[in-house]
Every structure is written in structure tokens, then in C-alpha cells.
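So the structure is just underneath, and the comments pick up after that.
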């Protein structure tokens with residue numbers, strides 16, 4: 001059994017708690033959060049050991065692995081402390097708000113040979129996985145352009161400051177939501193050579209962006225456009241979608257389906273035909289042992305467990321290193337907004353306050 005703890009019991013932390021607590025190969029031995037009420041309830045009804053101090057938990061509890069679901073600004077400190085204890089780590093996204101810190105802890109994790117993953121759950125959605133498979137077999141020929149979008153009703157009016165709406169704590173729409181489609185573009189296309197035309201627009205927030213637009217440029221004239229808005233109430237919830245054009249067709253995918261158009265010149269893969277094809281996520285997704293919010297959340301944690309056990313493929317699709325590619329693109333976008341800076345420049349993040357953590 002893998003002995004595991006969770007730190008941070010906000011929305012994502014509680015989701016991870018519910019999922020991982022049912023995993024047959026996991027013993028959930030401790031949880032840590034700054035909210036005493038949540039800890040009291042969980043301790044009363046589950047008996048799990050509870051802590052309000054992260055360092056104390058690491059000293060007192062024998063662990064093999066840790067899930068970190070705290071605000072992004074304190075990921076680095078906690079990841080470093082966990083790596084010092086030689087723990088396998090699953091960290092929620094965005095990984096780090098400072099790329100230099102992210103590079104350092106990625107190096108440490110790799111040198112120690114520890115499993116390290118970041119919660120970009122869209123890589124475990126059946127429709128987006130099918131896109132990756134089709135691109136890997138060159139099904140639509142040479143890719144020429146990508147449109148990566150995400151829209152939803154997160155910030156719909158001016159309101160009091162929370163950690164999500166402070167760039168120094170959560171990073172705003174750019175880090176919190178645009179990171180998802182950027183991560184998918186990286187998965188499909190690799191790292192861009194440069195970025196341009198970046199817009200970080202405030203709609204309702206005072207301290208950070210609500211709307212993100214940018215173009216990523218690749219070798220050979222390929223490009224990808226990013227369009228994200230978390231102040232769009234025409235969507236019931238945040239929705240991510242990808243459109244990819246190639247010389248032999250086009251792919252569209254969202255959480256529910258993967259639509260593919262093949263020209264007559266395409267080498268059409270088995271199960272598809274010329275013209276339009278639709279594959280639904282329900283048909284592309286393997287069953288999970290526990291369902292909460294979507295199969296992808298359970299699938300990514302099971303993948304984490306199997307990697308620790310040595311049962312997954314050698315290519316860790318959700319590693320710190322892959323997450324850092326996303327963070328570097330975000331840094332390039334911030335530098336582009338400032339204008340006249342090198343595209344790989346370190347983004348300027350407001351000085352962080354000394355704090356413990358609040359719920360994610």
C-alpha cells in the first residue's frame with residue numbers, strides 16, 4: 001500500500017480526497033489544511049489524522065506520496081519540503097508562478113528519481129487523447145494552425161479579492177484557466193519558438209486578467225492562437241475546446257466529442273471514413289473505479305499511483321517537466337505584453353507575502 005497525504009482541502013483538494021481515498025492501493029494517512037472546521041469534520045467521520053501545520057505533518061507521518069492542492073504561490077515551498085523527504089508528488093496546476101523556482105524543483109525531482117506530476121487533467125479526457133493519437137499517426141497530414149479556446153462564467157462582476165484573483169497568489173485567468181489549453185497545445189505541438197500579440201485584459205478583476213489572447217509561433221510557419229475568457233456567462237461552466245487544421249483535414253475536440261474531417265487525400269485511419277466523423281468521449285474513455293466530476297480526475301490519480309508502482313509507460317505525460325513547458329509559454333506571454341523583452345524572459349510577479357495557505 002502507498003501511504004499518501006493531501007495538503008489543501010478546497011474544491012480540488014476535497015475532490016482528490018474523495019477519489020484517492022477509494023483507491024485500492026492507497027492508504028490515506030493524513031490531511032493538512034488551515035481550516036479547522038473541515039479538519040474536525042473529516043477526523044470525526046473518517047478518523048484520518050489531521051494537521052494545520054504542513055511541516056509538522058511531514059515530520060510526524062511516514063509517507064510515500066503527497067498531493068498538493070494549495071494556492072499556487074506556495075507550491076514551490078511545499079514541493080521542496082516534500083522532495084527533501086523523498087516523496088512522490090502530485091501537484092495541482094498551475095505548477096509555479098516563478099519559472100526559475102519551477103526549473104529548480106523539476107531538476108531536484110528528476111535527480112532523485114521521484115514520480116512527479118501536475119494536475120492537467122485534460123490529458124486524460126478521451127476526446128483530447130484521441131486528438132493526440134490522430135496527430136501522432138499524421139492522420140490529418142501536416143498541421144498548419146491550432147485554435148485553443150476556453151470560456152466560462154468564473155468572474156462575472158467586480159468582487160472582493162480572493163487568492164484566485166490576485167496575480168501574486170493564483171495568477172488570474174492566464175495561470176488558472178488559459179494554462180489548460182496552452183498545456184494541450186504543448187502536448188500536441190511542442191514548445192513554440194516565440195509568442196506575439198498577447199493581450200491580458202481586465203474585465204471585472206482589479207488585480208489580474210479576465211481575458212487572454214495570444215499567438216504562438218512554430219517552425220515552418222505553423223501557429224496556434226489562444227483565446228480564453230473566464231468572464232463569459234454564455235457558458236454554463238468553463239469549457240475547453242481545440243480546433244486543429246492540417247493539410248489533409250481538420251480536428252475539433254471538446255470534453256464531449258472529437259470531430260474529424262478527412263479530405264480525399266488523407267490516409268484515413270481504421271474506424272474513420274472520408275468526410276466528417278464523430279467519436280464521443282463516452283466511447284473513447286475507459287471505465288474508472290470511482291467517478292467524481294469526470295473520469296479524467298480519477299484516471300489521472302490512478303496514473304499517478306501506477307507510475308509509483310512502476311506499472312505505467314516510461315513517458316510521464318503529466319510530469320513537472322511538461323508542466324514547466326506550459327509555465328515557460330506563460331512567461332513568454334507576460335514578457336510579450338510588457339513589450340520589447342526577450343520572449344524567454346522571466347515574468348515579473350508581484351512580491352509574495354509571507355502566509356500559510358488557504359483552501360484551493
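The values are calculated or read from the model by the stated rules, or taken from the named source; none is laboratory data. Quantities reported herein were computed from a predicted structural model and do not represent experimental measurements. Quick reminder, even Gly has a Cβ in these numbers, built from the backbone with ideal geometry, and neighbours come from all protein chains shown.
See the values below:
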{"read-out": "Hits in segment 58-82 (condition: in a helix (DSSP H, G or I) and either closer than 21 Å to residue 1 by Cβ or touching a strand residue (DSSP E or B) at 6+ places or on another chain (Cβ under 7 Å) (or both))", "value": "58, 60, 75, 78, 79, 82"}
{"read-out": "Set 327, 302, 254, 315: member being within 19 Å of the chain's Cα centre (by Cα) and free of Cβ contacts under 8 Å to residues at least 40 places away in the same chain", "value": "315"}
{"read-out": "The one condition in (1) surrounded by fewer than 17 Cβ atoms within 10 Å (Cβ to Cβ); (2) not in a loop (DSSP other than H, G, I, E, B) that residue 236 fails to fulfil", "value": "(2)"}
{"read-out": "Residue 237 vs. criteria touching a strand residue (DSSP E or B) at 6+ places or on another chain (Cβ under 6 Å) and in the same structural domain as residue 150 (by TED's automatic domain parsing)", "value": "no"}
{"read-out": "In segment 276-302, the residues that are closer than 27 Å to residue 245 by Cβ and in contact with a strand residue (DSSP E or B) (Cβ under 8 Å, 6 or more places away or on another chain)", "value": "276, 277, 278, 279, 280, 281, 284"}
{"read-out": "Subset tally (residues that are surrounded by 16 or more Cβ atoms within 10 Å (Cβ to Cβ) and in contact with a helix residue (DSSP H, G or I) (Cβ under 8 Å, 6 or more places away or on another chain)) for segment 188-204", "value": "5"}
{"read-out": "Top-ranked residue of segment 96-107 - restricted to ones that are surrounded by fewer than 16 Cβ atoms within 10 Å (Cβ to Cβ) and free of Cβ contacts under 8 Å to residues at least 40 places away in the same chain, ranked as nearest to residue 269 (Cα to Cα)", "value": "107"}
{"read-out": "Filtered residue count, segment 108-135, keeping only those that are more than 28 Å from residue 293 (Cβ to Cβ), free of Cβ contacts under 8 Å to residues at least 60 places away in the same chain and in contact with a helix residue (DSSP H, G or I) (Cβ under 9 Å, 6 or more places away or on another chain)", "value": "2"}
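Let's see how each residue does on (1) under 28 Å from residue 296 (Cβ atoms); (2) modelled with pLDDT of 95 or more; (3) not in a helix (DSSP H, G or I):
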position: 3; (1), (2), (3): yes, yes, yes
position: 30; (1), (2), (3): yes, yes, yes
position: 56; (1), (2), (3): no, yes, no
position: 106; (1), (2), (3): yes, yes, no
